[in-house]
Every structure is written in structure tokens, then in C-alpha cells.
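The values are calculated or read from the model by the stated rules, or taken from the named source; none is laboratory data. Everything numeric in this text was worked out from a predicted model, so none of it was measured. Here the Cβ is made from the backbone with ideal geometry for all residues, glycine too, and neighbour counts use every protein chain on show.
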Number of protein chains: 2
Amino acid sequence: MYSIVYPLIICAVALGAAFLFRRLVMREPMGTERMVEIHTYIREGAYAFMIEEAKVFLFVMLGLSLFLLWLFGWEVGVAFLIGALFSGTAGFIGMDAATQANVRTANAARSGFNKALKVAFSGGSVMGLAVGGLALGGLCLVLLFFRDYFIPTSGSGNKVFISNIPIPFLGNVNLIKGAVIVSAYSMGASLVALFDRVGGGIYTKAADMGADLVGKVEAKIPEDDPRNPATIADNVGDNVGDVGGLGADLLESFVGAIISIIVMLLYLWVGARYAIESNLSDSEILKLLSCLDILNITEPNISDFNLWNLILLSVFIAAGGIIACLIGILFIRFNPGQNPQRILMNGKWVSAGFTILFAGIITYLFPTNMVPFYATALGIISGIAIGFLSEYFTSDHFSPVQRIAKGSQSGPAITVTSGLAVGMESTLFPVLILSAATIISYQLGGLIAVSFSAMGMLSFVVMTVSIDSYGPIADNASGITEMSGLGQDVRERTDRLDSVGNTTAAIGKGFAIGSAAFAALGLFAAYIWSAAGSAEEVRMPNIGLLNVDVGAFVIAGLFVGAMIPYVFSALLIRAVSSTADLMIVEIRRQFREKPGILKGKDVPDYRRCIGITSHAGLKKMFLPAILAIITPFLIGLIFGRWALAGVLVGTLLSCIQLAIQCANSGGAMDNAKKYIEQGHYGGKGSETHAAGVIGDTVGDPLKDTVGPSLDILVKLMCVTSLLFASLFPLKPIFIK
Amino acid sequence: MYSIVYPLIICAVALGAAFLFRRLVMREPMGTERMVEIHTYIREGAYAFMIEEAKVFLFVMLGLSLFLLWLFGWEVGVAFLIGALFSGTAGFIGMDAATQANVRTANAARSGFNKALKVAFSGGSVMGLAVGGLALGGLCLVLLFFRDYFIPTSGSGNKVFISNIPIPFLGNVNLIKGAVIVSAYSMGASLVALFDRVGGGIYTKAADMGADLVGKVEAKIPEDDPRNPATIADNVGDNVGDVGGLGADLLESFVGAIISIIVMLLYLWVGARYAIESNLSDSEILKLLSCLDILNITEPNISDFNLWNLILLSVFIAAGGIIACLIGILFIRFNPGQNPQRILMNGKWVSAGFTILFAGIITYLFPTNMVPFYATALGIISGIAIGFLSEYFTSDHFSPVQRIAKGSQSGPAITVTSGLAVGMESTLFPVLILSAATIISYQLGGLIAVSFSAMGMLSFVVMTVSIDSYGPIADNASGITEMSGLGQDVRERTDRLDSVGNTTAAIGKGFAIGSAAFAALGLFAAYIWSAAGSAEEVRMPNIGLLNVDVGAFVIAGLFVGAMIPYVFSALLIRAVSSTADLMIVEIRRQFREKPGILKGKDVPDYRRCIGITSHAGLKKMFLPAILAIITPFLIGLIFGRWALAGVLVGTLLSCIQLAIQCANSGGAMDNAKKYIEQGHYGGKGSETHAAGVIGDTVGDPLKDTVGPSLDILVKLMCVTSLLFASLFPLKPIFIK
């Protein structure tokens, strides 16, 4: 039964289901001519972005894969390309489905609420299933193609060279190359995620700000008015940033969590074998072997350590999660009269329950103890808890948001200050949950159990992405309804859909950050193993601060690492404002050169606006992207692998806090504004409302550009370090 | 020559000089009757705050010292009280002098600019000299009183109990108690600093916001108008927060840096003696002894390790710094026609130069190699560099501030967003300098050299505090000039004084954060030594992340530690707004009950407003203060000393980044507003200006309450951990 074919079949089933859901969506009619027209604009815009993105991809991905090919061999280059290709495809499928579902959701809302809910959720499910199926499917293909690199050969204690650069180290050349191959696959997926998330984040906010500042403020036309050349770009942005970006983010976390388990297993094998073959002291061997407790492997039967089966265990649990989510999706019944929020959440509970059940059965069937199951279940529960806690800080049912709204009576400065404070406060619970989950899983079975928990948190990724993608589809549907003038009752239905989407989006964002942090911790743990395992001495790695040779570099690394997310965030904010500036110039030009636009007689050139945000957004993200890839690479090469470990820890710590603060500050100020609009403290048009609007505008780039991009930053830095770990010297190159 | 009497004499000289400078200030006339009146109000307000503060002190300090007395013995309780008393006295002397100098500066400005500059700087020097003299003097007294505890006795390898709680550990009971005594002295100083800085920070911003929101917005009276009951509280706040707070902050850093050297020396001695007496392997002995390289002590002459002399070395270098600053202060000549900024900076250069010179001579005369001198000099240079770099991000001569001003044309949301981005960006250089200084000093001589660098950075603290205290005196003088209607030319002179003060304040804030980070790093290093040295095994401590027993707790500790500064900041922001609310209610009550106030016929009850901010500010800071003391204590007791080490590292990392961001975001937005007021982008009264004002108001609590308080948070947490280190178990209490 231990065959990679089974998970591959499950991935194929998931992709088949995605195809069926897409057909289900496509069968729905699109509605009036006006609706089709708007739909076409948005769709064209999304494609325009994807084409711009594809150009950048072609350049970067091919260049990087050639570099990897030269450095590590063709297998690594190919694995990287598969990762990039599959992740890119998932994003494409999801955005395509979202831009088809939005107009059909709006049309379905004309006949009833539940039908619209069903169409929107079906559209989201396409993205969810595509993410799960392609992420795991690609990994299975890599494992299948390069299976030989995951089977130990003899000669595990020899000095080997695995890269083109002659750095020798101890270990089994096969397995270490296997670790590099899966890391390259993960890095391919990460890089696409960076482009989707950062590029999408800059795109969506630059379009939003440009449209508002010229359209609403200068030309005095309402929001979403088709006369505004940037309106379509704004709507496209929702799809690009929220569907494509979030999907790519979670896909990357999912892949990262699984491959961190695989890499640790490979190095555990190398270390254990080395310990037995070499003349280490008893205590050192025991120390190494104690890490294998989780797998119920003790000294006598170390040779029975069937590496391939244990690798398959993680893949099987992930595949079980996909099936569990498919059950959850099919379970959802859109009965009239039921709370729509409840409907979606019930689907989530069912998926989570089945994921736990399947993980238990699979672990039981594999030749190991039950620790992987316990760790996975712990991860699932923690992930759900983190998601729900972020609702407390961003929902207008609770005091944090109401406090911001109340403070807005004293002016915008108080709105922003208390909004920032709420974001800072909101770091408390997610961090405590993450810490508790880390401690418990570590006690269960060391760092590898932490990676199992991370994978658990992400194992029902299909359901999470499906629900999260529903949000922007409903948002777009609401916009299309308004632009097409479909009447009050339709509008009310789509508004209700949208408001459910806002809640699920808040939960989804909290979950994305928490799981990204956990996945990054798993990748970091794999990096530590990898760095230690390929060291001259295969021992328990010691990155103690007082190590005479590297201590200062670890401390300095921590300082620098903690600083990187701040500078990265500043670069993103600057990228958003400079792209918005370009947009403003273009909108003014169109209004000036074609005065008919404002009179409704001329059609504005939407494509040009879309082209500008697409092009500039992708170009402006180069500097942050380079920071994320080059920094760990250069620090590792110059200052050595332990200094880099310090950098990764520092970055992880700052990213978690900053990402939570940005996401929740932004979310809380957004909902405080909506709370005021409901009629509190003066309602729409009051001074309080004006303060709320300013707070919302400050929060927007924080929550939609900075926060989500930080998720990617830390994962990409960890996976880059993992991939190149074996190249980095033990000490800074200039010491001795 | 190795006698504690010499530094004590130098401290007495510094205090004598402070007394003379105060007489110099007092000899100046106070000016018109109106000026005397305003002066009396501000002075009464400052005293009202100090009385409120003294009540809290009495309660907290006596309670804590009784606890320490019970736990560790009377010597520790006494040392703690001396620390608290001397630090409190320094704050009292400084605020007293500042409230005397402000009105005399205003009066001196009537006859000429340079005379006013001289009076203001003389007032600042009182604080500077009091800080230096009392901080080092108190430490010398503690060393003198309890000298026996710094002289090793025999029996260094025995199990001893140093606290009332029966936790035995290896070591020389005398020396370890010595370490606890100096830590208690430092903690006393830290706690006062927390009260001054956090209480002062809440006080000053709550008064400011209350005065503005009712006075300017509701009653439409101008700023600093004597009819506003909160005006005096606002002016008192400048003295409380900027004179008292900054002085206490730097005093604490100064003390912390010196005692971290002393504690490390004590534990080095314990470790080295233990290594020689016990049957450790050669490599382990060498590892321990390698740390002694800095002191040029090798195995043969370990018994010559004259602990007392080496302790005196650090005290002598600090005393040398005080003398160097006195030379610098006396060197300053207020020649007419010279750039006032240049005059003050020249004094700083002279002080820094003499400090380096004296450190070289002292190190040469002591029985050690020159490493302590190199490390001290490195610290001095890094400190100056960090201070100057913060000017780049907060001065309107450079692009960051100008960019914020330009962005303000698009509304307040852009002001705030780009202000936050500038703060984030500004973390780059200070962190790089800190990292480089850490690496270089570590390479010179391990962690103890890092502490010498920290002490170096703070060794010319007298000059730094003198210049920094000049700022708020000039600010107050400017306010008094306006309130007393002294005419245009006097106003211009005090404005020029004030603008010089703004620049020195920006440099001072950057320096305070950088040196606090470095001092905290020194304290953390001492904690690590202390935790390792009092462990069952006296070996090189290993807080490696993969240590099977404590690894997960270190990781979780890092997460939690990095989160604490965010929650702490959120609490502070909430404390400011709720205190401001109380203030608003009181101002409204006065206007309502005494309608004569607004007509200028009735005198408002200034004292009541002052009482409210004093009382509420000090009360509201209890929760953050408890967080800072109780958290490390409880985490250490429950989760053990290595988990706490993780917490301290996490807190240090977040504090550095957040403190720099808050200080520079606030400073940049403040100066962007002033840049607009100079006539750029529409000047005063324009929409751009309104946006700038909102940005300034957002930045205010960040730069004056949150940023500075974070400096204290990290130091207080480190010193608390250091004090109680020996009580904490090696592993979490619930493990095995």
C-alpha cells in the first residue's frame, strides 16, 4: 500500500472535481448585456495582469532554474520549474474561475440568495481544489521522477560534493540531493507566491488609491463608477490580490510544511547512520537517536528505518486532508433560511473532522507510533483557533473595533492611533497559541513533530482556500450588481453575501499568518538540520549564543533579521504610493484628452490603466523580491550558516508580529468605518465618518499589501536558505 | 592606586559642579511679574507630579526591597533602595533645575541669544552632572559598603544557597551574592526609570491631547493660552517626560552597562576557578579560560586574577568619562556669531575625545591587555554614529521628511502611511551599526567586550544628558516667552533656541535607543553567564534551539518575547487616551462651572488638571510596569531559565525595531508638519497642513510615550531576570 500512486490519484480526483465545479459555474447564465460587458472588462484585466506576470516569470524562473541546473544538476532545475509551473497554474485556474463566477453570482442573486451563495462558493472551490491538487500533485511527481534520490545508497559516511562548488561534507550524496530537490520544488512555488502576493498587493492598492484620489476626490464621481478609467483595475485587483495572492500564499505554506518533514527525515537518516558507523561516543549516538523517538525507531533496528515509507506518511496525511475537504465541500447544502456563515463553517468543521480521522487511520497503518497523528491534530486545532481569534479584533461585534469607532469622534489621529494599538494588542493570542502548539508538539517528538503540526494546520487547505476565495467573488458580484443597476433587492442579497465574505476573509487572513509562521518554523527547523547535517561534524547543532566562533554572528544575525521585515514593509509602502502616482497621471490624462468620458459619452481606456498597474506593480516588487532572495544567500555565503540561522529567527519573529499587527490594524479600522456607516456616532457623512475613512485608508495598504507579503517573505527566506544550506561555510569566510 | 575612593571623589566633584551650575542659573533674574507667575505654575506642577510619584515610589520600592531583603538578605534590599533613591534624586535635581532655568532662559533671551543659550545649557548641565555623579556614586557606595562580597573566599566548588529558597548551586557564595547586590542596585535604578519614562510619557501626551482637544477644538482658544486649565500640565509634561524621563533612561543604561561587566567578571572567576579545581576535560577548561583572554589571564596565573582590580577598571573608565564630560562642559564657549548647534556639538566632540583618551590611559595602568580600551572606544564611536543617523530620517533637510510633506498633498492617510514607512526604513542603519559593533567587540574579547562597548557608548552620558535636557528647557522658555508677551525679537531668539533643541533631541533619542539596546545586550549576556554559572554544570551555556530538554521552550520564549513589546505599546497607547479622556472631562467641567475662565476673568484650576494627569498617569502605568517585572519573573520560575533567555532575546529584537520605528516615525511626521508650516506645499492653513497636523498627532504618542518606554521595558526585563536568575530552574518545572 505504500505507493506514491495513491496520493497522485487523489490529486487527480481533486483536479477533476475542480474542473466539474468550474463547469457547474459556467452552466449558470451571465445575465444582462451590461453585466456581460463589465464581466468582460474585469476578465480582460485579469488576463492582462497574468500576461504581464507570465513575462516576468519567464525571465526570472528560467534564469534561476538554469542557475540551479548549473549548481546542483538538472534534476534540481526541473524540480524548481515544476514547483513554479504548478503554483502558477493554480493561480491561473483560480483567477479564471473567480472572474467567471463573479458575474454569475450577481445574476443568480436576481433569483435568490442561496443560489448566489452556491455559485460564489463553487467558484471558490475551483481555486481551493486546484491549490490542493496541484501543490501535492507536483510534489508527488517530483518524488516519483526522482525517487532514486530518496533511497539511501551505501557510503553514507563519505565526503561528497553535491554542488558544482567544491564544498565537501559528510553524508549520503543521494539523500542530500533528494533534500535539495524537494527544497527547489518548494522554492519554485514560493517564488510564484511572492510574485502573486506582493505584485497583487501592490496592484490592488495602487489601483484602489489611484481610482479614489482622482475619481472620487477630483472628478467627484462615485466609487465603482464605470466612467473612472481605473475602476476595472480596482476590481481586477480584488481577484489578483485576494484570490490569486491568498491561494498562492497558502499553497506555499502547504508545500513548505510537507517538504520540511521530508528534508528532516532525510537528514535524520544521514545523521543516524553516521552515528552508528562512526566512532562517536555513546552519549552522542543517543542524542542523535533520541530525535528518532517520534518514529519509534531505536538503535537495534536503525537499518530497518524505511525512509521512503516515512516520506510517504506525510504525503498520505496531506492527501487525506484533500479528500476530507472534498467531503466537506460536497457536504455543504445551501438550504434556504440557514445562516450562510454557519453553512460555510459547518463545511469547515466537517473537513477538519475528517482530516483528523484520516490522519489517525493513515498513521495507524504506517510503521510508526502515533506521534505524527497527535501532532497533526494539534496543528489543525491550533489553526482553527488562531483564525477565530483574529475575528475578535476585527469584527464590529466586539469591543476593539467599537473602541476605534468611538475614538473617531475625537478625530482621525485617534482613529489611526487606536487602530494601530488594536493591531498591536491582537498579537497576544495568536502568539500564545503558536507557542503552546510548538511546545506541545516538540514534547511529543522534537522538531519533526513541529513540522507535522505545521502540516496539520495546512492539511485542510482546500477548504480554507475555497472559503477565502468566496469572499472576493462575492465582493466583485456586489460591485457588478451596483454597476449594472440590478435593483434594490438584488443589491441587498449581494451585500449580504459580501458581508459574510468579510468575516471569512478576516478569519482567513489570521489563519494564513499563523500557518505561514508555523510553516516557516518547520522550514527553519529543516534548515538547522540541513546546516548541521552537512557540517563536518554530524552532531546536534549548537547555535548557542556563546559559541566562541559564531556567537557574535548569531547575535548580529538576529538583529539584522529582525530589521529586514521593517525595511521590506517600507519598500512595499513606497511601491504602492509610487504606482498610485503613475495611475493618477494616467487617469488625469484620459479625462483631459477625452472630455467625453466624464459625460458618459466616451468609453475610458481601461486596458491602459490595467497595463500600468500590472506593469509597474510587477516592476516595483523587484527590489523587495531581491531582498528576500539575495539577503539570505549572501549572508549565508559571507557570514556562514549560523549567522544565517540568526537572521532567519530574527526575520520570523518580526514577520509574525508585524504581519498580525498590519492585518488586524487594517481589518479593525476597515470595520470601524463600516460600524460608523451603520449609523453609530453620527453615521455616514459625519466628522466621525470622515475620521473613519482616513483610518481605513491608512489600514488598507497595511492589511492588503504589507501584512500578507510578510507571510511570503519569511517563508521564501527560509526555503532559499534551506536550498543553498550546503554551500554555506560553517564560519564567516573572513574568520581564520 | 586601585581604590574605589578615586571614582567616588570624581562623583563628588560632578555633584559639586552640578550644584555650582544650579547657582549659576539661580543668579539670573526671572524677569517680569507675569513670567514669575507662569514659572510658579509650572514649578508647582512639576512638584505636584513628583509628590504623586514619591507616593507610588514609597509603596512599590519599600515593598520590593522588603521582598528582596527576605529573599536574599538585607544587603540586597539596601542596594536596591540605594539604586532607587539615587536615580530618583537625579530626576528630582534635574527637573528642579529645568523648571528654574526655563524662565531665566526666557528672560536672558531679552538681552541676547548667546546668554539665553548659556543659561539653558547650564540648566541642562545640572541634570547631566547629577545623572553621572549619582549613578556612579551610588554604585561606588554599594561596592564600598559590601566590598567583602566582591572578594573571593575559599570553597568555590561547594553547593551553596544564596537565597531563602533552597535552590543549591555550585559557586562561590560570596561572589554570587555580590552579583545579586549590584543587580539589585541596577534594578532599583531601572524601576525609577520606568516610572519616570512611562509615567512621564503618559503624563505629557495625555495633558497635550486633553489641552488640544478641548482648548483648541472646542473652545477655539490658541495653544499655550493661559485660559486653558491644561496648559500648565502640558508644559510640566515637557519637563517630566523629556528631562526626567530621558535622564532616568540614560542613567539606567549607564548603570546597566557597568554592572553587566561586574557580574560577568564575578561569574568568570567562579567558572574559571571551578574549571581548575574540578576534573573537567582539558578542552572544557580551555573553553572556559578562552573567555578570559580579554583580561590576558592564562591558566598559570589564574590565581592572580585580581577580581577587585578588574571590577575597578570598569568603574574607573566610567569615572574617566565623567571627568571628560566636565572638561567638555567647561570647554564650551558661547561666542556670539557662532552656530549654536556647532557650539554644543563641539562640546560633545571634546568630551568623547577625552573619554577615549582617559579610557586608554586607565586601561594601560591596569593589569590587563588593551581590549577593554578598544571595546570602549568602539562603543563611543558607534553611539555617536547612531545618533547622527537618526537625524537623517527626522530632519527636514533630507528627503524622508520632505517626502512625507509632499505626500500630505494627497491627504492625511498618505501622511501617516509614509510616516510609518519612514520609521520602518530608519531601522536599517542603527541595526547595522549595532550588529557591526557587536561582531567587532565580540571578536576582540567575547561577550564581556560587548559590555565594555555598551559602557563606552554610555561613558560620556553626562554630556549627552546635558545637551538633551537643554532641549525641553529651550522649549519651555519659548512657551513662557509667548505666554508673557515678550515681543517679536525675544520670541525669535527663543524659537531659534528651540529649533536647535529639536535637532539635539532627535539625535538624543536615537542615541538613547541605540545605547539602551546595547546595554540590554550586555545585561542579557550577564544573565546568560549568571544562568549558566549557577547551573549544576558550570560549562559554556548552550541555549541551542535543538537542545532536547529546553529547545521548544526557547523557541516559544522567542515568540512570546517578541510579542510583549507590542502588547506593552498597545497598553501605553490606551493609557494615554483614557487619561486624556479624564482630562477632557475636567477641562469641560471647569469651563462650565466657571464661565469667567474663558473671558479671562477667572483663573482656571491648573492644579486640578495637574493632579489628574499625575495621578492617572502614574496609576495607568501600573499594568505595563507589572508586565515588565512579573513576566520575566513568572516565566523564569515556571518555564526555567533558558525559556526566559528566549523571551529576553525576543523582547530585545522587537524593542529595538519598534522603538526606532516609533521614535523616527513620530519625529519625521513632526518635522514634516513644520516643513509645511515653513510655506511648502501651501503652508499654514492649507489642506496639506491639516494633513500634516494629523500625522503629527498620530506620531506624538509613538515618539514621546511608546518609543522611549520600550527602551526601559527591555532593560528592566533583563535586569529583573539577572537579579533572580539563580532562583530559576534549569528546565520547566513540569518537565520530569
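Summary table
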{"read-out": "Filtered residues of the range B:405-462 (kept if of a type outside the set (G, A, S), in contact (Cβ under 8 Å) with a residue 12 or more places away in the chain and closer than 30 Å to B:S686 by Cα)", "value": "B:K406, B:Q409, B:P412, B:I414, B:T415, B:V416, B:L420, B:V422, B:M424, B:E425"}
{"read-out": "Flag if B:A645 is buried (at least 24 other Cβ atoms within 10 Å of the Cβ), under 30 Å from B:P732 (Cα atoms) and within 14 Å of chain A (Cβ to nearest Cβ)", "value": "yes"}
{"read-out": "Considering residues of the range B:205-227 that are more than 14 Å from chain A (Cβ to nearest Cβ) and either modelled with pLDDT of 85 or more or on the phi > 0 side of the Ramachandran plot (or both) only, the residue nearest to the chain's Cα centre (by Cα)", "value": "B:A207"}
{"read-out": "Output for the range A:585-605, where each listed residue is crowded, with 21+ Cβ neighbours inside 10 Å and in contact with a Gly (Cβ under 7 Å, 6 or more places away or on another chain)", "value": "A:I587"}
{"read-out": "Elements of type helices (runs of 4 or more DSSP H) in the range B:1-119, at least 2 residues being in contact (Cβ under 8 Å) with a residue 40 or more places away in the chain and on the phi > 0 side of the Ramachandran plot", "value": "none"}
{"read-out": "Any hit, the range A:419-431, residues being of a type in the set (A, V, I, L, M), part of a helix (DSSP H, G or I) and within 30 Å of A:F373 (Cβ to Cβ)", "value": "yes"}
{"read-out": "Looking only at the range B:463-521, and only at residues there that are of a type in the set (S, T, N, Q) and under 24 Å from B:I323 (Cα atoms), the one that is surrounded by the most Cβ atoms within 10 Å (Cβ to Cβ)", "value": "B:S469"}
{"read-out": "Lone unmet requirement of (1) β-branched (V, I, T); (2) within 19 Å of A:I384 (Cα to Cα); (3) in contact with a Ser or Thr (Cβ under 7 Å, 6 or more places away or on another chain); (4) within 14 Å of chain B (Cβ to nearest Cβ) for A:T415", "value": "(2)"}
{"read-out": "Residue that is nearest to A:S726 (Cα to Cα), among those in the range A:212-263 that are of a type in the set (S, T, N, Q) and part of a helix (DSSP H, G or I)", "value": "A:S260"}
{"read-out": "Contacts under 8 angstrom Cβ, first residue in the range A:121-144 being on the phi < 0 side of the Ramachandran plot, partner outside any helix (DSSP H, G or I), 6 or more apart", "value": "A:F121/A:I332; A:F121/A:F334; A:C140/A:I4; A:L143/A:I4; A:L144/A:I4"}
{"read-out": "Search result, residues across the range A:631-642 that are within 13 Å of another protein chain (Cβ to nearest Cβ) and touching a helix residue (DSSP H, G or I) at 6+ places or on another chain (Cβ under 8 Å)", "value": "A:T631, A:I635, A:F639, A:G640, A:W642"}
{"read-out": "Considering residues of the range A:552-572 that are within 24 Å of B:L444 (Cβ to Cβ) and β-branched (V, I, T) only, the residue farthest from the other protein chains (Cβ to nearest Cβ)", "value": "A:V554"}
{"read-out": "The listed residue being out of contact with any Gly (no Cβ under 6 Å at 6 or more places or on another chain), surrounded by fewer than 24 Cβ atoms within 10 Å (Cβ to Cβ) and more than 14 Å from B:G561 (Cβ to Cβ), out of B:I660, B:I626", "value": "B:I626"}
{"read-out": "Hits in the range A:83-133 (condition: among the basic types (K, R) and surrounded by fewer than 24 Cβ atoms within 10 Å (Cβ to Cβ))", "value": "A:R110, A:K115, A:K118"}
{"read-out": "All positions within the range A:423-481 that are among the aromatic types (F, W, Y) and within 9 Å of chain B (Cβ to nearest Cβ)", "value": "A:Y442"}
{"read-out": "Residue within the range A:379-394 that is within 27 Å of B:G695 (Cα to Cα) and more than 14 Å from chain B (Cβ to nearest Cβ) present", "value": "yes"}
{"read-out": "In the range B:54-75, the residues that are among the aromatic types (F, W, Y) and at pLDDT 90 or above", "value": "B:F67, B:W70, B:W74"}
{"read-out": "Odd one out for B:E593, checked against (1) in contact (Cβ under 8 Å) with a residue 24 or more places away in the chain; (2) at negative phi; (3) more than 8 Å from chain A (Cβ to nearest Cβ)", "value": "(1)"}
{"read-out": "Qualifying residue in the range A:101-120 (condition: touching a His at 6+ places or on another chain (Cβ under 8 Å) and more than 20 Å from A:A512 (Cβ to Cβ))", "value": "yes"}
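Condition check ((1) surrounded by 24 or more Cβ atoms within 10 Å (Cβ to Cβ); (2) at pLDDT 95 or above) across all residues:
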site: A:T651; (1), (2): yes, yes
site: A:A672; (1), (2): yes, no
site: A:Q678; (1), (2): no, no
site: A:S686; (1), (2): no, no
site: A:T697; (1), (2): yes, no
